[in-house]
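Here's the structure we're looking at; comments come further down.
The values are calculated or read from the model by the stated rules, or taken from the named source; none is laboratory data. Fair warning: this is a prediction, and the values are worked out from it, not measured in the lab. In this analysis, Cβ positions are derived from the backbone assuming ideal geometry, glycine residues included, and neighbour counts consider all displayed protein chains. All accessible areas refer to the heavy atoms of the entire protein, side chains included, with ligands and DNA or RNA removed. Shrake-Rupley method; radii C 1.70, N 1.55, O 1.52, S 1.80 Å.
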Amino acid sequence: MSDNQNKKSVKTPKYVWYLWSILTAGIVLVFLFFLLLSKGVFGELPSFEELENPNTNLSSEIISCDGKILGTYFVENRSNVDFADISPNMVHAITSIEDKRFYDHSGIDGKSLPRVIFGVFTGQSTNKGGGSTLTQQLAKNLYPRDLGMNKLQLVMRKFKEWVTAIRLEYNYSKDEILALYLNTIFYGNNAYGIEKAAETYFGIMPKDLNIEQSAMLAAIINAPSYYSPTRHPDRALARRNVVIAAMCENGFFDSHTRDSLQQIPLDLSGFKSLDHNSGEATYFREYLRQYLTQWAKSHYKLDGKPYDIYRDGLRIYTTIDSRMQRYAEEAVREHLSQDLQPAFFRHWKGWTLAPFTLESREECNHLIKLAMRRSDRYRSLKKNGCSEDSIMKNFKTPAEMTLFSWDGPIDTVLSPWDSIHYSKFFLQSALMSVETGTGHVKAYVGGIDYRFFKYDHIMQGKRQVGSTFKPFLYALAMQEGEYTPCSKVPNISYSIKLPDGNFWEPRDEGKEMLGKEVTLKWALAHSNNHISAYLMSRFGPEAVIQMVRGMGITAPIEAVPAICLGVCDISVYEMVGAMSTFTNQGFYIKPIFITKIEDKNGNVIETFKAEQKEAMDETTAYKMIELMRGVVQSGTGVRLKYKYKITNPVAGKTGTTQNQSDGWFMGLTPDLTTGIWTGAEDRAIHFRSISLGQGSNMALPIWGIYMNKIYADSTINISRGDFPKPLTDVSLEFDCDAYDEEQNAVEQQNAGDDEEF
């Protein structure tokens, strides 16, 4: 039999045909399965538009005028960066430990596929890892799994992630996928994405990450809590060294470099937890958050939905200067922690009811109870249906807590009731600076520590302003033209008749020049109450109120003569805005905090400009500047010269209220108007002596420290020149000797004319 006949007689066994048929059918079925899966037959998959615009929560950034990020609003504290802005060290670290063949596969790693399939169907993983590529992990992060899935649903979800991974590979380059991945993962400590991780742990940008820093961040993502460098540094260090070893194995450096890098300890000196209670400008950020929440309700995205400041990645460009903000916070801390608060403690040492200036324990307890009812603990207990008795029992029961101190937080066990009493001992302070000509708020300090004292004394607080109100009365006198700074008035007691027939007559503690004629310049410099009463009797409270309304003060003011002494309650915000009218040549410019808001793509949503209106002529404004210069040159603010060595042109006004409950200082320079208030939360808490409780001791030193820091910083363009003069020459009106000579000459001329007549 020939060979051809033998070949024809040999038949292929049926089982081979069966095997080939099964294999072919399996391939076809798998192909059909994934085809149908990609078409959404087994459940919805991300669309092309969704792949192009991944739905991740982006934090909104608060940006200072000098380009620093002051803070963020977030559900997930995340900002996106481009691949070009990520250090190559980070790229090498993440691919080495998570997906060493990242640049060789197309979304699914064929070499690890058997291990992946085993894990999918068994729910287990081998000791060589799960096999998911970075692209698959990205798919899972961008389009997370639903909670509570059964095993079959999890298997289907895994297959969908494969399809999504292939789609991602088709739509993006490898570098773009890696950047997307690093922007989406969680690094612990409220840091989502590589930018926030680099900022949180090291205080740097992603492009500046070195090898060991990159290795640590790559180590964290496997289990952010377990490998947390702040809570478990030993685990984090060991895992970081595993990453360094993997980088060496992948050829990014030699074994000698590996050994050297593994000896470097973890360095978290730049660590800064990013949350709503910490960082710079915390009071400002909270005020801005409330403002932006309302703003967002009336501003809409292209899809018709209102903006969400926690998810939409807005960029809020503010007027705050991060350097001036830092100096303002440092100045408040320095004066209160080193000088004023220790003096307050010494002042009240040994007093039974300290720090309350009250006559009974019942009155003190009443104030503590009011504070208790304003607390979050009380509101929470009340919301849960607790009775007043049970709430009081809760507040009287010791518990673990953290208390404020100027040396740092104190962990202790204390009853909430006693903790309120403890907190009452601390003096508060607020500072706001506004730039001349623009109304831009450059520094905003609403209190001493937002973590413990949430009340904002800039916008929320309204306190008696004392003698800082007097310049408004003097401005009215200057504007009417009847008086000049050198006009003289007898320094005697004046009475003003009230509508009810009674008389109001203020006291003045100063004995200097009593009974003699004094100039208005001298009277304002020494904050004389007699002369203020005299001017009030000439113009009346209604005219003064009308004047301050034009200067932006909207707070309720009762039309009584006593307002000339500042008995009305006004916020720091309104006082600074009103005072800046003098430096703005008579124009009131409403202080603003934002210059523009952009969306996540850099498109400008809205720009902001300050409202302004003319409140007085420039000559009157300049006269007031000159009058208030006298406060610093020879009056109640003179310590700025001899203690803080500030010799630049400065105008100012101190303010002290009844019983020394409130201390104020308003400081004006050609570039800045700054207002400072200092006092306790309750007006029943204060110094008992005027020497300690006056504005020149409580508030003025903060201004001196603050301005010296600004003047010392050459990067801040702050003027040391003089205030701009008006077109009208008014120099004679401030040289009181020359003014007197001119007035005498005029009187003599008038007398001669009368004789001739």
**Report entry** Using θ = phi - 60° and Karplus 6.51 cos²θ - 1.76 cosθ + 1.60, couplings along region 590-602 (whole Hz; Gly, Pro as x)
**Finding:** 5, x, 10, 10, 10, 9, 7, 10, 10, 7, 5, 9, x
Query raised in the report: So what's the angle, to the nearest 10 degrees on a 0 to 90 scale, between helix 282-296 and the longest Cα principal axis of the chain?
Result: 70 degrees
Query - Gain on full stretching of the segment that runs from VAL16 to HIS276 - 0.36 nm per residue minus C-alpha separation - result: 86.7 nm
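Which entries of LYS68/LYS272; LYS488/LYS623; LYS442/LYS596; LYS68/LYS645 have Cα-Cα distances beyond 20 Å here?
Details: LYS68/LYS272 15 Å; LYS488/LYS623 16 Å; LYS442/LYS596 15 Å; LYS68/LYS645 31 Å.
Violating the 20 Å limit, Cα to Cα: LYS68/LYS645.
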Query - Nearest-10 value in Å² for the accessible area of LEU266, using the 1.4 Å probe - result: 40 Å²
Requested in this report: Give, in whole angstrom and from largest to smallest, the semi-axes √(5λ) of the equivalent ellipsoid of region 201-286, with λ running over the eigenvalues of the Cα gyration tensor.
Outcome: 29, 14, 10
Report summary line: To the nearest 20 debye, region 561-661 has a Cα-centred charge dipole, built from +1 on Lys and Arg Cβ and -1 on Asp and Glu Cβ, of 620 debye
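Keeping every protein chain in place, order LYS305, LYS641, LYS383 by accessible area at 1.4 Å, biggest value first, i.e. largest first. Can you show the working numbers first?
On the way: LYS305 120, LYS641 85, LYS383 175 Å².
Putting LYS305, LYS641, LYS383 in descending order of accessible area: LYS383, LYS305, LYS641.
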**Report entry** Taking the chain and dividing mean pair separation by its residue count, relative contact order in percent (alpha carbons under 8 Å, at least six apart)
**Finding:** 11 percent
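Specify, per residue and in Å³, the volume enclosed by the convex hull of the alpha carbon atoms belonging to the chain. Mind showing how you got there, number by number?
Values: hull volume 187.1 nm³, N = 757.
Residue-normalised Cα hull volume stands at 247 Å³.
Using a Förster distance of 25 Å, how high is the FRET efficiency between LYS100 and HIS232, based on the Cβ-Cβ distance and rounded to 0.05? Walk me through the numbers before you get to the answer.
Details: r = 26 Å, r/R0 = 1.04.
Here the calculated transfer efficiency is 0.45.
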Report summary line: Taking Cα atoms, the helix 361-373 axis meets the longest principal axis of the chain at an angle in degrees (rounded to 10) of 40 degrees
**Report entry** Spacing of the two label points (7 Å from each Cα toward its C-beta) at ASN601 and THR647, in nm
**Finding:** 5.8 nm
Query raised in the report: So what J values fall out for region 515-523 if you push phi through Karplus, 6.51 cos²θ - 1.76 cosθ + 1.60 with θ = phi - 60°, rounded to Hz, Gly and Pro as x?
Result: x, 9, 7, 10, 7, 5, 4, 5, 5
Query raised in the report: What residues have an amide H closer than 5 Å to that of ILE592, excluding those fewer than 5 places away on the same chain, when H is modeled at 1.01 Å from N in the peptide plane?
Result: HIS440, VAL441
**Report entry** Lone cysteines, the chain (no partner Cβ under 4.7 Å)
**Finding:** CYS65, CYS248, CYS364, CYS386, CYS564, CYS568
Report task. Using a cut-off of 9 Å between beta-carbons, work out the net charge of the residues near ALA328 (Lys and Arg +1, Asp and Glu -1, ALA328 not included). Result -> +1
Query raised in the report: Using the beta-carbon distance between ASN141 and ALA223 and R0 = 22 Å, what value does 1/(1 + (r/R0)^6) give for FRET efficiency, to the nearest 0.05?
Result: 0.90
**Report entry** Whole-Hz couplings from phi, Karplus 6.51/-1.76/1.60, listed for region 213-220; x for Gly and Pro
**Finding:** 5, 4, 5, 5, 5, 5, 6, 5
Report task. Give me D for region 310-440 in µm² s⁻¹, whole number, from Stokes-Einstein with Rh from the Kirkwood sum over alpha-carbon pairs, 10 °C and 1.306 mPa s. Result -> 87 µm²/s
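Please give the length that would be gained between SER634 and ILE545 if that part of the chain were fully extended, namely 0.36 nm times their separation in residues minus their C-alpha to C-alpha distance (nm, one decimal).
Values: separation 89, 0.36 × 89 = 32.04 nm, distance 2.88 nm.
Extra length from SER634 to ILE545 when fully extended: 29.2 nm.
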Report summary line: Amide H contacts under 5 Å for LEU672, restricted to residues at least 5 apart in sequence or on another chain and with H modeled in the peptide plane, are THR436
Query raised in the report: If one takes the longest principal axis of the Cα atoms in the chain, at what angle in degrees, from 0 to 90 and to the nearest 10, does the Cα axis of helix 174-184 lie?
Result: 50 degrees
Query raised in the report: Quick one: how many Å² of SER278 are accessible to a 1.4 Å probe, rounded to 10?
Result: 30 Å²
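Would you kindly state how much longer the chain becomes between LYS301 and LEU268 on full extension, computed as 0.36 nm times their sequence separation minus their alpha carbon distance, in nm to one decimal? Walk me through the numbers on the way to the answer.
On the way: separation 33, 0.36 × 33 = 11.88 nm, distance 3.95 nm.
Gain on stretching LYS301 to LEU268: 7.9 nm.
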Query raised in the report: Out of region 206-284, which chymotrypsin sites (Phe, Trp or Tyr not before Pro) are coil in DSSP terms and have no more than 15 other C-beta atoms within 10 Å?
Result: TYR226, PHE253, PHE271
Report task. State, to one decimal in nm, how far the label point of SER731 lies from the label point of LYS349, with both points 7 Å from Cα in the Cβ direction. Result -> 5.5 nm
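Quick one: longest stretch of the chain between exposed loop GluC sites (Glu not before Pro), exposed meaning at most 16 other C-beta atoms within 10 Å and loop per DSSP? Before the final figure, lay out each step's value.
On the way: sites that count: GLU44, GLU359, GLU482, GLU509, GLU512, GLU558, GLU611.
Longest gap between qualifying sites, sites excluded: 45-358.
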**Report entry** Diffusion coefficient, µm² s⁻¹, Stokes-Einstein with Kirkwood Rh over alpha-carbon pairs of region 557-688 at 10 °C and 1.306 mPa s
**Finding:** 93 µm²/s
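What do you reckon, how do SER96, SER173 stack up by accessible area (1.4 Å probe), largest on top? Write down the numbers at each step before the final one.
Working: SER96 15, SER173 55 Å².
If we order SER96, SER173 from most to least accessible, we get SER173, SER96.
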Report task. Give me the lysines in straight-line cross-link reach of LYS349: C-alpha distance below 26 Å, same-chain residues under 8 apart excluded. Result -> LYS369, LYS396, LYS424
Report summary line: Expected field for TRP522, accessible surface area in Å² at 1.4 Å probe radius, rounded to 10, holds 50 Å²
Report summary line: The correct ranking of SER59, SER360 by accessible area at 1.4 Å, largest first, is SER360, SER59
Query raised in the report: Out of residues 5 or more away from ALA399 or on other chains, whose amide H comes under 5 Å of its own, with H placed 1.01 Å from N in the peptide plane?
Result: LEU414, SER415
Query raised in the report: Dipole of the chain, Cα-centred, from +1 at each Lys and Arg C-beta and -1 at each Asp and Glu C-beta, to the nearest 20 debye?
Result: 4640 debye
